[in-house]
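One structure below.
The values are calculated or read from the model by the stated rules, or taken from the named source; none is laboratory data. For clarity, every value in this text was computed on a predicted model and none was experimentally measured. Using ideal geometry, Cβ is built from the backbone for each residue, glycine included, and neighbour counts are taken over all protein chains shown. Note: accessible area is taken over every heavy atom of the protein model, side chains too, but ligands, DNA and RNA are not part of it. Shrake-Rupley method; radii C 1.70, N 1.55, O 1.52, S 1.80 Å.
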Amino acid sequence: MLGALYNKFILKYPLLLLLLTLTAILLFSSNISKLEIDASAQTLLLEDDKDLKYLHQVEKRFKSDNILVIAYKPKSPLLSEESLETLERLSLALEKLPSVDSVDSLLTVPLLYSPPQDLEDLLHNTRTLQSKDMNFSLAKNEFLTSPLYKDSLVNKSFTVTSILIHLKKDLLYPQLLEEKSRLAHKAKNASLSKEEEYLYEDVKIAFKKHRDSQRIIDAQNIQDIRNIMKAPSKDGQFYLGGVQMISNDIITFVKSDLRTYGFILILLLIVVLGGIFRQIRWVILPLLICALSVIAITSALGYWGWEITVISSNFISLQLIITISIVLHLIVRYQELQRSYPHASQHKLLLNTMLSKATPTFFAILTTIAGFSSLLFSHIKPIINLGWMMSAGIALSLLISFIVFPTVLILLKKTEAKEKKSSRFSLPQVSTSLVLKDKKGIFLVTFIVLLFTLTGAPKLIVENSFINYFKKDTSIYKGMKIIDQELGGTTPLDVILTFAKEDTNSSEVVQSEPSEESSFEDEFESPENEEQYWFTDEKIAIIQKVHNYLYALKDTGNVKSFSSILDTGKILNKNKDLDAVEIAILYKKLPQKYRDIILLPYVNIAENELRFSTRIRDSHEDLRRNALIQKIHNDLSTMLNPQVVQFKLSNLMVIYNNMLQSLFTSQITTLSFVLVILFVMFLLLFRSLKLTLIALLVNIIPIGLIFGFMGWFEIPLDIMTITIAAIAMGIGVDDTIHYIHRFEVEFIHQSSYAMTIAETNKSIGYAMYYTSLTVIIGFSILVLSNLIPTIYFALLTMLVMAAALISNLILLPKLLLLIKPLTKNATIQKIDKTTING
């Protein structure tokens, strides 16, 4: 059937089919412009994460600002005239930016005890560093000791200060996100009405349009801030930090990698392919097919509105691996046939090439798709999308390769076959000699690799931090590190306390004349006065206990809560604790603007809730997020009476940890699924249990080596490295299927297993070698990326390619030689006659 398709259509009308293919792909390529990059925090979160929904509730209940932080390390002392002038000049310039709401720094924050004042005076006369007759010595002491400012506004050595840039709120984004999430959740349960379906589509379009326009504004704002930071750079060092900045810079890095390394990768492929084949057609044709495959899949992604994330940013590189593999196998097979049958027509050579490679290539691609489909078991949408992207991309690569390769070649003049120069030192030749002469060495090395795997894999950790996404010489890394280590940490973790509501219902109502005592009770219980009496002695004790516990943890940096206000009040109250009555009086006298600043971020009286805003020091090398979260949870469970108060952990630390922990479960599920699928497919393809088990073992070794390598060299399992197992399976299985298929063909013509191995390595061995060499050299350029996950991805992919090649060229033939799973009659019946004749 396939032969008839090639004879009667593809090879009969090659120009027509080639023009149709090129026209269709190029017309469809207009959708490439719709392909976008999304590096927002949403791409690193689990779908339907309950903690994420809770975080959205917390953000509604407690006042919080979107903030960018500039860490300023002046050459002069912090309170010198030069440093303060620089601060003022910088602050004034920042406040003029359209996206900036306000700027806080040493110059603007209120100084409450420089010198000490009565609470009554403070409410009406707030002093700052710019106030007349300010005592700078007292101010410095307050900055270093105040619970409001230490470890956040200034560092312990008083050499670095932070400038807080409060950005204008985007009120529309959270509304659209909430509505989109609500309808998406409802759609998942297939319960949308027709009107809601139309609404859902409208909301998705509106959300994307608003988000994209806001990203342009945010990117311009960050660029404007950096331009302002450059102006006074001679006065000291400036470092920018913040979630918005991280997202913006990741997008910049990904775009830069796609442009720069994509171009260099093409140049490297030209050099490598030219060096291997030494013919212009064998350079241009693979590149043409690779380009068409990449254009086709990127156009499809743009058409369907899928976005590239940090996780899927390397999908083009993966697409190139698979496509190059397909094309090189076709080239090597074509050249073999050309040397064996120098007088055969181009038509017959191409027909036999395509038919002889159709079965192994189809099954190799099918198993590769199965490997990437295992990513669908992840609960992280970008990883799921990568699985779909690669599955669709690989299928397109197969289709395009099997159309373009024969149609282009049949239109070209048949060239004279060149004899392949054999070298004793080429890997296929070396592997043949090693397999046939070695007695125990191969199995000894395999045992060592297994031992390396079994001892290294348990050391594998599910951990990573945002700061470790970037090289140490980048400005983003330097900024995050100085903020993390000097100014109180980076990753936010909230502890929310919810107090039990007091039962104010009395069992009996007694009618009596009002008295002075009852009048006081009425005042206490009246709605307008209820808030000021909410701060009871019991609540105050719990607040301070929890705050002190969180501050004492070695991995926490700055901790802010209502306890910070209480500690400040104690200093103002001549080092005496404020009791509930004093707090009630202070609350009543406190102007609303000060309540908004010092209370609303930490207290929600209507919901009976308190918030402890903690920042984790992300750069601690021994930080283990899950262990820290579990410790806090266990300690607070012991510390707090659940009948009085309940607690819950929230914010980015929790939801990011949820994602990391899901990776481990996903990896186990992924591997289990892939192994089962491979077993079934090998059994269907080889129709031999022995061959199936041999093929599985040969592919398990490279995967084990990767996990052992990651464990021993402390490379964490994260959003990027989780894809390596699927890649290892895809690459390894591809080589295994091609090798065994060719081994079966050669086995029919050869008199022994030794001769079969020699002939197989001479043919398919070179295709595997060329593919691996091309990809390894091509991927080496990615180690220059500014994104550490991309570097890990490149290194691990190179290691996988090398391990899979060696396993399939050395261990696989050695096992075939040892076990001898084939018989002549069974193999002859199994192999397709067309393949044999080819």
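Just to verify a result, which residue in the stretch 678-693, among those that are open to solvent by less than 10 Å² (accessible area, probe 1.4 Å) and among the aliphatic types (A, V, I, L, M), is farthest from the chain's Cα centre (by Cα)? Step by step, filter the stretch 678-693, then rank; the result is L691.
L717: open to solvent by less than 10 Å² (accessible area, probe 1.4 Å), closer than 30 Å to V676 by Cβ and within 26 Å of the chain's Cα centre (by Cα), yes or no? Here the answer is yes, as L717 does meet what is asked. Evaluating A93 against the criteria (1) in a helix (DSSP H, G or I); (2) without any contact (Cβ under 8 Å) to a residue 24 or more places away in the chain leaves one unmet condition, (2).
For the stretch 353-364, the set of residues classified as β-branched (V, I, T) and open to solvent by 10 Å² or more (accessible area, probe 1.4 Å) consists of T359 only. Mind checking which residues of the stretch 153-173 are closer than 22 Å to M480 by Cα, open to solvent by less than 50 Å² (accessible area, probe 1.4 Å) and either not aliphatic (A, V, I, L, M) or not in a strand (DSSP E or B) (or both)? Scanning the stretch 153-173 gives L153, N155, F158, V160, T161, S162, H166.
Screening I828 with (1) surrounded by fewer than 24 Cβ atoms within 10 Å (Cβ to Cβ); (2) modelled with pLDDT of 85 or more; (3) part of a helix (DSSP H, G or I) gives one miss only, at (2). What's the total number of residues in the stretch 375-386 that are buried (at least 23 other Cβ atoms within 10 Å of the Cβ) and either closer than 16 Å to I668 by Cα or among the acidic types (D, E) (or both)? Qualifying residue count for the region: 4.
So, in the stretch 251-286, how many residues would count as being among the β-branched types (V, I, T), closer than 24 Å to G479 by Cβ and open to solvent by 20 Å² or more (accessible area, probe 1.4 Å)?
Of the residues in that region, 3 qualify.
Residue pairs whose Cβ atoms lie under 7 Å apart, sitting 6 or more positions apart in sequence or on different chains, and linking a residue in the stretch 543-560 that is among the aromatic types (F, W, Y) to a partner that is part of a strand (DSSP E or B), are Y551/V559.
Restricting attention to the stretch 154-211, report how many residues are touching a strand residue (DSSP E or B) at 6+ places or on another chain (Cβ under 7 Å) and among the hydroxyl-bearing types (S, T, Y). Lay out the reasoning, then the answer.
Of all residues in the stretch 154-211, those touching a strand residue (DSSP E or B) at 6+ places or on another chain (Cβ under 7 Å) come to 154, 159-168.
Filter once more, keeping what is among the hydroxyl-bearing types (S, T, Y): 159, 161-162.
Count: 3.
Among the residues of the stretch 34-85, those that are open to solvent by less than 40 Å² (accessible area, probe 1.4 Å), modelled with pLDDT of 80 or more, not in a loop (DSSP other than H, G, I, E, B) and not aromatic (F, W, Y) comprise D51, L52, L55, V58, L68, V69, I70, A71, P74, S83, L84. Is it true that some residue in the stretch 478-485 is touching a strand residue (DSSP E or B) at 6+ places or on another chain (Cβ under 7 Å) and surrounded by fewer than 23 Cβ atoms within 10 Å (Cβ to Cβ)? Within the stretch 478-485, one or more residues are touching a strand residue (DSSP E or B) at 6+ places or on another chain (Cβ under 7 Å) and surrounded by fewer than 23 Cβ atoms within 10 Å (Cβ to Cβ). Restricting the stretch 490-500 to residues that are within 21 Å of the chain's Cα centre (by Cα) and modelled with pLDDT under 90, the residue that is nearest to R624 (Cα to Cα) is T491. Out of L411, L434, which single residue is more than 22 Å from V283 (Cα to Cα), at pLDDT 85 or above, surrounded by fewer than 18 Cβ atoms within 10 Å (Cβ to Cβ) and out of contact with any His (no Cβ under 6 Å at 6 or more places or on another chain)? One residue alone meets the criteria, L434. Filtering the stretch 386-417 down to residues that are among the hydroxyl-bearing types (S, T, Y) and under 13 Å from T368 (Cα atoms), which residue is farthest from the chain's Cα centre (by Cα)? Per the stated criteria, the residue is S397. Beta carbons closer than 9 Å, at least 6 apart along the sequence or on distinct chains, pair a first residue in the stretch 119-132 that is more than 21 Å from D567 (Cα to Cα) and open to solvent by 40 Å² or more (accessible area, probe 1.4 Å) with a second that is in a helix (DSSP H, G or I) and modelled with pLDDT of 75 or more for Q130/L84; Q130/E88. Looking only at the stretch 454-474, count every residue that is assigned to a helix (DSSP H, G or I) and open to solvent by 20 Å² or more (accessible area, probe 1.4 Å) and tell me the total. Result for the stretch 454-474: 7.
The conditions of being of a type in the set (F, W, Y) and more than 25 Å from the chain's Cα centre (by Cα) are not met by Y303. I'd like the full set of residues that are touching a strand residue (DSSP E or B) at 6+ places or on another chain (Cβ under 7 Å) and open to solvent by 10 Å² or more (accessible area, probe 1.4 Å), limited to the stretch 138-152. L144, D151, S152 - these are the residues of the stretch 138-152 that are touching a strand residue (DSSP E or B) at 6+ places or on another chain (Cβ under 7 Å) and open to solvent by 10 Å² or more (accessible area, probe 1.4 Å). Only one of N227, N248 is open to solvent by less than 70 Å² (accessible area, probe 1.4 Å) and among the polar types (S, T, N, Q); which? Answer to the check: N248. Hey, any hits in the stretch 301-309 for a residue that's open to solvent by less than 40 Å² (accessible area, probe 1.4 Å), of a type outside the set (K, R), touching a Pro at 6+ places or on another chain (Cβ under 8 Å) and part of a loop (DSSP other than H, G, I, E, B)? Within the stretch 301-309, one or more residues are open to solvent by less than 40 Å² (accessible area, probe 1.4 Å), of a type outside the set (K, R), touching a Pro at 6+ places or on another chain (Cβ under 8 Å) and part of a loop (DSSP other than H, G, I, E, B). Restrict the check to the stretch 561-578 and report whether at least one residue is open to solvent by 70 Å² or more (accessible area, probe 1.4 Å), β-branched (V, I, T) and either assigned to a helix (DSSP H, G or I) or modelled with pLDDT of 80 or more (or both). No, every residue in the stretch 561-578 fails to be open to solvent by 70 Å² or more (accessible area, probe 1.4 Å), β-branched (V, I, T) and either assigned to a helix (DSSP H, G or I) or modelled with pLDDT of 80 or more (or both).
Within the stretch 214-226, the presence of at least one residue that is more than 26 Å from the chain's Cα centre (by Cα) and modelled with pLDDT of 90 or more is confirmed.
For the stretch 198-214, taking the residues that are in contact with a helix residue (DSSP H, G or I) (Cβ under 8 Å, 6 or more places away or on another chain) and among the charged types (D, E, K, R), the one that is most open to solvent (accessible area, probe 1.4 Å) is identified as K204.
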